[in-house]
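Worksheet: the structure to be examined is printed underneath.
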Amino acid sequence: MLARRSEDTRDRLLETAIEHFSERGYNGVSVRDIATAVGITPPALYNHFPNKAALYRAAVAAAFEEKAQRLLEALEHPGAPAERLADFLLVAASEIRHSPAFRRLIDRELLDGDGERLAFLGDAVFARIQIPFMALLRELNPDCDALLLSEMVLGMLKQHDAMEGLRPHLALEQPAPRDPQQVAALALAMLRGPLGLEEGT
């Protein structure tokens, strides 16, 4: 029973840490802030994590793990390369839509992260997905610039959701946000030229 309560507290610490870090940045959040939000004391938090950096790494890794598994399954299933690309784009667009705190955290860290935290994000988050994604792009077109394409595609998938707060203030028509299927379909259409894919693939 005690072990179960400790595990529940650890899970709540991880969830709360992602929310706080995404809203105020790593330097804007203290261990006390997170402990208080969970309803424990800072010394009790240290029973689970030795310091704020360890809590941050564990929270990012936990938030990304399920997303990584779904993205890797889309990239690695035995279908044709074009089918795997379409599946990956849909899963990525869906994960981005349904994980606003994680998306905000990545954006914040890309702007404010120090070398150590950026190295962690590169190794623990981006490389796990970007390397196999680049391999798939090269499988579709060995001559493509897989690094540039992978960065542009991931940024493009994220941008529609990132604009949500700004969009009502723009002098533009105001349609409802596109669903992940629409975002993924447009991304696939835009990739056909660089990858040499025929219409309908």
*Look through region 90-100, keep the residues that are part of a helix (DSSP H, G or I) and without any contact (Cβ under 8 Å) to a residue 40 or more places away in the chain, and return whichever of them is nearest to ARG138 (Cα to Cα).*
VAL91
_Top-ranked residue in region 10-28 [being free of Cβ contacts under 8 Å to residues at least 60 places away in the same chain and open to solvent by 20 Å² or more (accessible area, probe 1.4 Å); ranked as farthest from ASN47 (Cα to Cα)]_ = ARG24
*If you take the residues in region 78-89 that are outside any helix (DSSP H, G or I) and either open to solvent by 50 Å² or more (accessible area, probe 1.4 Å) or touching a residue at least 60 places away in the same chain (Cβ under 8 Å) (or both), which one is nearest to PHE21 (Cα to Cα)?*
PRO78
*Taking only pairs six or more apart or across chains, which ones have beta-carbon atoms under 6 Å, a first residue in region 119-134 that is surrounded by 15 or more Cβ atoms within 10 Å (Cβ to Cβ), and a second residue that is among the charged types (D, E, K, R)?*
PHE120/ARG57; LEU121/GLU109
*Could you tell me whether ARG32 is over 23 Å from VAL125 (Cα atoms), open to solvent by 70 Å² or more (accessible area, probe 1.4 Å) and either modelled with pLDDT of 95 or more or part of a helix (DSSP H, G or I) (or both)?*
yes
*Give the number of residues within region 48-71 that are more than 25 Å from ASP112 (Cα to Cα), touching a residue at least 12 places away in the same chain (Cβ under 8 Å) and either in contact with a strand residue (DSSP E or B) (Cβ under 7 Å, 6 or more places away or on another chain) or open to solvent by 30 Å² or more (accessible area, probe 1.4 Å) (or both).*
2
_Residues that are assigned to a helix (DSSP H, G or I) and surrounded by 13 or more Cβ atoms within 10 Å (Cβ to Cβ), drawn from region 35-47_ = ALA35, THR36, ALA37, VAL38, PRO42, ALA44, LEU45
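The values are calculated or read from the model by the stated rules, or taken from the named source; none is laboratory data. The structure presented is a predicted model; accordingly, all values stated were derived computationally and were not measured. Here the Cβ is made from the backbone with ideal geometry for all residues, glycine too, and neighbour counts use every protein chain on show. To get the accessible areas, we keep the full protein, side chains included, count just its heavy atoms, and leave off ligands, DNA and RNA. Shrake-Rupley method; radii C 1.70, N 1.55, O 1.52, S 1.80 Å.
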